[in-house]
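Read through the structure below, which is laid out as structure tokens, and then see the notes.
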Amino acid sequence: MDGNSASSNSSLSGAFKVNEKRSWATSPSGALYHFGTSGISVAVATGLTHPLDVLKVRLQMQLVGQRGPLIGMGPLFVQVWNNEGPKSLYLGLTPALTRSLLYGGLRLGLYEPSKSACDWAFGCNNIFTKIASGAFAGAISTALTNPVEVLKVRLQMNSDLRQRGPIAEMRRIVSKEGIGALWKGVGPATARAAALTSSQLATYDESKQILVKWTPLEEGFYLHLISSTIAGLVSTLITAPMDMVKTRLMLQRESIGHYKNGFHCAYQVLRTEGPRGLYKGGFAIFARLGPQTTIIFILCEKLRKLVGLNAI
């Protein structure tokens, strides 16, 4: 009887451990939880930081093709609030949330499968495979969701489009500029997403490992907070110029500049606006991306724990 009881307890313990260590590949429900927790985390973080994204786009479109004094984020906030009203800080929120669920779910969700594929193919799981996995996940997810990003930045730059709504604006873009306009800026957007995802996820992943190894921190809130803050800083420094180029290309019809591609845009900005031009809106990017990265990872880790998935 004691033997049977011990065997039963052992079986239950084993079952608990299997459930506790469930991964994205275990079952269809595991995959659904995996991508779902990623998408929800990014959508919540996007909703909370959206006003900063609107300000970032406005800052990036200052003095296109010109040199001159730039308005800071604080004065721009006051200007938008007074001239367009508080609702303007939520321009483009619907496509932003839609994109977050799709793009965020894919961007974070594809990282683990990509890392597993690299581990299977190359037999290693070092920082370089993490960077490659993040770059692949970011590039694929952005290429698929670029039309929603184009729509979002168009709405953010023009408060008059608010009455039309995102669907009407998408129809206008397709009818007047062609369906190819929905993939404007896809090159720099893909490059930025690859750089963002690889720097964000690889830095977060590696930071966690280093902190667990060299500090008393264990899997939990403080480890996630510190690792995500480091990831937010690194990803901002790497992606700010790409983000600016992407925004300029997506808004080309509404701006003074005429850019052939991402490299031409970056060259023109350097030539006419100086090196600082590539970091226009840089503080707003960090003010948004830093907290957003922290919210995404802390929330995602919590949701993954609730549904029984491994930590990232």
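The values are calculated or read from the model by the stated rules, or taken from the named source; none is laboratory data. For clarity, every value in this text was computed on a predicted model and none was experimentally measured. Glycine also receives a Cβ, built like all others from the backbone with ideal geometry; neighbour counts cover every protein chain displayed. When the accessible area is computed, the model is the full protein with side chains, heavy atoms only, and any ligands, DNA or RNA have been set aside. Shrake-Rupley method; radii C 1.70, N 1.55, O 1.52, S 1.80 Å.
Details
- Cα-derived Rg to Rh of the chain, Kirkwood definition: 1.04
- For the stretch 113-184, the direction-averaged projected area of the alpha-carbon convex hull comes to 6.3 nm².
- Proximal charge balance of Gly134 [Cβ under 15 Å; K/R count +1, D/E count -1]: +1
- Accessible area (Å², 1.4 Å probe, nearest 10) - Ser198: 10
- Lys, Arg +1 and Asp, Glu -1 on Cβ, resulting dipole of the chain about Cα centre, debye, nearest 20: 1000
- Counted charge near Thr46, where neighbours are those whose Cβ lies closer than 14 Å (Asp, Glu -1; Lys, Arg +1): +3
- Of the listed residues Arg271, Arg171, the order by accessible area with a 1.4 Å probe, largest first, is Arg171, Arg271.
- Split the accessible area of the stretch 113-184 by element, probe 1.4 Å, and carbon with sulfur accounts for 65%.
- Comparing mean-square fluctuations of Ile140, Ile167, Ile131 from a GNM of the chain with C-alpha springs under 10 Å, the top value falls on Ile167.
- Taking Lys and Arg as +1 and Asp and Glu as -1, the other residues whose beta-carbon sits under 15 Å from that of Ala191 total +3.
- Taking the chain as a Gaussian network of alpha-carbon nodes connected by springs under 10 Å, the highest mean-square fluctuation of the residues Lys176, Lys246, Lys56 belongs to Lys176.
- Solvent exposure of the stretch 186-280 as accessible area per residue, Å², 1.4 Å probe: 47
- Exposure rank, largest accessible area first [Tyr222, Tyr267, Tyr103, Tyr90; 1.4 Å]: Tyr222, Tyr267, Tyr90, Tyr103
- Here the simple spin-label model places points 7 Å from the Cα toward Cβ, and for Lys260 and Leu144 these points are separated by 3.3 nm.
- Of every Cα-Cα pair in the stretch 151-212, the percent that sits beyond 16 Å: 61
- Residue-level accessible surface for Ile179, protein heavy atoms, 1.4 Å, Å²: 120
- A quarter of the convex hull surface defined by the alpha-carbon atoms of the stretch 186-280 gives 7.1 nm² as the mean projection.
- With all protein chains in place and ligands, DNA and RNA left out, the 1.4 Å accessible area ranks Phe122, Phe136, Phe77 as Phe122, Phe136, Phe77, largest first.
- Considering only Leu270, Leu93, Leu225, the Gaussian network model of the chain with Cα springs below 10 Å gives its largest mean-square fluctuation to Leu270.
- Taking the helices alone, the chain has a mean residue ellipticity at 222 nm of -25000 deg cm²/dmol, built from -39,500 (n - 2.57) per DSSP H run of at least 4 residues and averaged over all its residues.
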